Amino acid sequence: MTAKEELEPFFAPKSIAVVGASRKPGKIGHEILRNIKLSGFSGNVFPINPGAESILDFKCYENITKIPQRIDLAIIVVPAVDTEAAVRECGEKKVPAAIIISSGFSEVGNTDLERSIIEVAQKYRMRIIGPNTFGIFYAGSKMNATFGPNYVLGGKTAFITQSGALGLALMSWTTEERYGVSAIVSIGNKADVDDADLVDYFSLDESVKSILIYMEGLKNGRRFFESAKRAVKNKPIVVIKAGSSQRGAQAASSHTGSIAGQDIVFSAAFEQAGVMRAESMTQAFDWIQAINENPVPEGEKMVIVTNGGGIGVLATDRCEKLGLSLMDIPADLKEELRTLMPSFGSMRNPIDLTANADDEVYRKMVSILLARKDVHGVIALFCQTANIDPLLVGEAIIASSGGGKATKPITAAMVGGHLSQVAYSRMLEKKFAAYPTAERAVDGMYALIARRRELESRK
Ligand code: COA
């Protein structure tokens, strides 16, 4: 069996049993069952609870071995002391995969119990995610087997998180911010399935365009970096590695029990493997957004187009800091653009269209730039003014770049008050890499350039 086939029951199960499904709303075992139901999972679902006839209209069984059909995935939500017996029963039922939600294992020093449940699982060739996890969301199976929010926006990124609470918070945040995800996996204590297994799996998963990992530490660094190096050939991996400060590293090690290690060693290893390390959550999502919605540029010559000198300067500073090159505008392009520009505009790069620029000017300008062979990417910036409607400008930028199917990378910033924010969210909804500040639009483009450099270095 390939590694991909082995993990398939976690993501594409035909039947799920929730061991420890509770009758009481608000309890974790109840909420997971409810989320599975609300998310529209189309397979069979079996709550296991010795004291109940049915829960949420699903017929209950007192024990998993009593279910008269094959079970692909078990979700174990019983107190830690009862997990070993539950895993053994799943093994007897020949369940190939189990997620153990329960806490109370190595994260609190109870390593013996964790080791013994893994030994039981291995005896039955069962793979385990957890313990100490909040579960899995997988858009392709319409399966929300978590106790997080019941609605999650589908998308193109597989998000692997070592932090439970942070992952749960991000589940709501991604939907709020219109960043879709194809999968969310809370890996908990990584007693069996770890980051390397999941990277191997998602690198072959066609519904996944990019992989995002929140990591505090690694148990088997070598294995992870080997997997990552292979996976990066197919899709980008962005890592947020917490614990870069000394105190942060101590906090990470007491949080999940994993060794955070020397940060400098991690940084070097990420770089060598071609993994992009983000400094913050915001930066990670900004990168992912640009990567998911854009092709990799064919070169590095970028053009900034703006209606405000100030944001143009900020974007230019950011470009320089990140090593992005702004092209000198050639004479023939200047000639072409002259008709669109007022005499007081600037033809240098950033091209300053001035505050007069309306949606029509943006539409034409971006179209011309993207059609040029010598322009490899465009960063479009808009500062809100009283005379121009940001919503129309947002629409124009999307339309001129192929309505979300750009053949060249483009990122945009819609800077300003309420209307700009609405314009920015609508652009995100239409799968366009839009940002609320100029610097973040540059960061998005930087991710695409970094991806290009990585792929070029492998040729
Ligand atoms: N088989 C089947 N059902 C069982 C069972 C077993 N072996 N043992 C208990 N149950 C039933 C109980 O009767 C109960 O159902 P009810 O509420 O209808 O009576 C339900 O399963 C849950 O058992 P209970 O003993 O009430 O546990 P709990 O809900 O208080 O806590 C956990 C269980 C797993 C949620 C808890 O121990 C825990 O670990 N919480 C932390 C989880 C967490 O934070 N994970 C990490 C997130 S990042």
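The values are calculated or read from the model by the stated rules, or taken from the named source; none is laboratory data. Every value quoted in this text rests on a predicted model; they were computed, and no experiment measured them. Quick reminder, even Gly has a Cβ in these numbers, built from the backbone with ideal geometry, and neighbours come from all protein chains shown.
What's the total number of residues in the range 85-95 that are out of contact with any strand residue (DSSP E or B) (no Cβ under 7 Å at 6 or more places or on another chain) and either within 9 Å of the ligand (Cβ to nearest atom) or not in a helix (DSSP H, G or I) (or both)?
4
Out of the range 418-434, which residues are among the basic types (Lys, Arg) and not in a loop (DSSP other than H, G, I, E, B)?
ARG426
Out of the residues in the range 340-385 that are in contact (Cβ under 8 Å) with a residue 40 or more places away in the chain and in a helix (DSSP H, G or I), which is surrounded by the fewest Cβ atoms within 10 Å (Cβ to Cβ)?
LEU370
What number of residues within the range 52-63 are of a type in the set (Ser, Thr, Tyr) and more than 11 Å from the ligand (Cβ to nearest atom)?
1
Just checking, which of THR175, THR157 is surrounded by fewer than 22 Cβ atoms within 10 Å (Cβ to Cβ), away from the ligand (no atom under 16 Å from the Cβ) and not in a loop (DSSP other than H, G, I, E, B)?
Within the list THR175, THR157, the selection yields THR175.
Counting only residues that are touching a helix residue (DSSP H, G or I) at 6+ places or on another chain (Cβ under 6 Å) and of a type in the set (Ser, Thr, Tyr), which one in the range 80-115 is surrounded by the fewest Cβ atoms within 10 Å (Cβ to Cβ)?
Here the answer is SER106.
Which of the residues spanning the range 65-79 are in a helix (DSSP H, G or I) and touching a strand residue (DSSP E or B) at 6+ places or on another chain (Cβ under 9 Å)?
The one that is in a helix (DSSP H, G or I) and touching a strand residue (DSSP E or B) at 6+ places or on another chain (Cβ under 9 Å): LYS66.
Assess whether MET414 counts as being more than 10 Å from ALA290 (Cβ to Cβ) and at pLDDT 95 or above. Can you show your working first?
Working: more than 10 Å from ALA290 (Cβ to Cβ): yes; at pLDDT 95 or above: yes.
Yes; evaluated as a whole, the condition is true for this residue.
Of everything in the range 125-144 that's within 12 Å of SER39 (Cβ to Cβ) and of a type in the set (Gly, Ala, Ser), which residue is nearest to the ligand (Cβ to nearest atom)?
Filtering the range 125-144 for residues that are within 12 Å of SER39 (Cβ to Cβ) and of a type in the set (Gly, Ala, Ser), the one nearest to the ligand (Cβ to nearest atom) comes out as GLY135.
Between a residue in the range 85-98 that is closer than 10 Å to ASP72 by Cα and any residue that is in a helix (DSSP H, G or I) and among the aromatic types (Phe, Trp, Tyr), which pairs come within a Cβ distance under 6 Å, given they are 6 or more apart or on different chains?
Listed pairs, sorted by first residue: ALA97/PHE10.
Tally the residues that are within 16 Å of the ligand (Cβ to nearest atom), outside any loop (DSSP other than H, G, I, E, B) and among the polar types (S, T, N, Q), restricting the search to the range 178-214.
Adding up the residues that qualify gives 1.
Output the residues belonging to the range 117-146 that are surrounded by fewer than 24 Cβ atoms within 10 Å (Cβ to Cβ) and in a loop (DSSP other than H, G, I, E, B).
Passing the criteria: TYR124, ARG125, MET126, LYS142.
I'd like to know if the range 37-51 contains one or more residues that are within 13 Å of the ligand (Cβ to nearest atom) and surrounded by fewer than 21 Cβ atoms within 10 Å (Cβ to Cβ).
Here is the first cut: in the range 37-51, the residues within 13 Å of the ligand (Cβ to nearest atom) are 46-51.
Next, only the ones that are surrounded by fewer than 21 Cβ atoms within 10 Å (Cβ to Cβ) stay: 50-51.
Scanning the range 37-51, I find at least one residue that is within 13 Å of the ligand (Cβ to nearest atom) and surrounded by fewer than 21 Cβ atoms within 10 Å (Cβ to Cβ), so the answer is yes.
Residue check: is VAL232 closer than 20 Å to LYS4 by Cβ, buried (at least 19 other Cβ atoms within 10 Å of the Cβ) and in contact with a strand residue (DSSP E or B) (Cβ under 7 Å, 6 or more places away or on another chain)?
no
Just to check your reading of the model, which residue among ILE311, ILE329 is surrounded by 15 or more Cβ atoms within 10 Å (Cβ to Cβ) and outside any helix (DSSP H, G or I)?
Matching residue, one of ILE311, ILE329: ILE329.
Only one residue in GLY221, GLY167 is under 25 Å from ILE117 (Cα atoms) and within 13 Å of the ligand (Cβ to nearest atom). Which one?
GLY167 is the lone residue from the list that is under 25 Å from ILE117 (Cα atoms) and within 13 Å of the ligand (Cβ to nearest atom).
For the range 67-84, which positions are without any contact (Cβ under 8 Å) to a residue 40 or more places away in the chain and away from the ligand (no atom under 11 Å from the Cβ)?
Residue satisfying the conditions is PRO68 alone.
Please work out which residue is farthest from ILE75 (Cα to Cα), limiting yourself to the range 99-116 and to residues that are more than 10 Å from the ligand (Cβ to nearest atom) and part of a loop (DSSP other than H, G, I, E, B).
Ranking the qualifying residues of the range 99-116, first place goes to GLY109.
Would you check which residues across the range 5-32 are part of a helix (DSSP H, G or I) and within 16 Å of the ligand (Cβ to nearest atom) and list them? Walk me through how you get there before you give the answer.
First, pick out the residues of the range 5-32 that are part of a helix (DSSP H, G or I): 5-11, 28-32.
Result: ILE28, GLY29, HIS30, GLU31, ILE32.
Would you confirm, using the coordinates I've provided, whether MET445 is touching a Ser or Thr at 6+ places or on another chain (Cβ under 9 Å) and over 12 Å from PHE382 (Cβ atoms)?
In short, yes.
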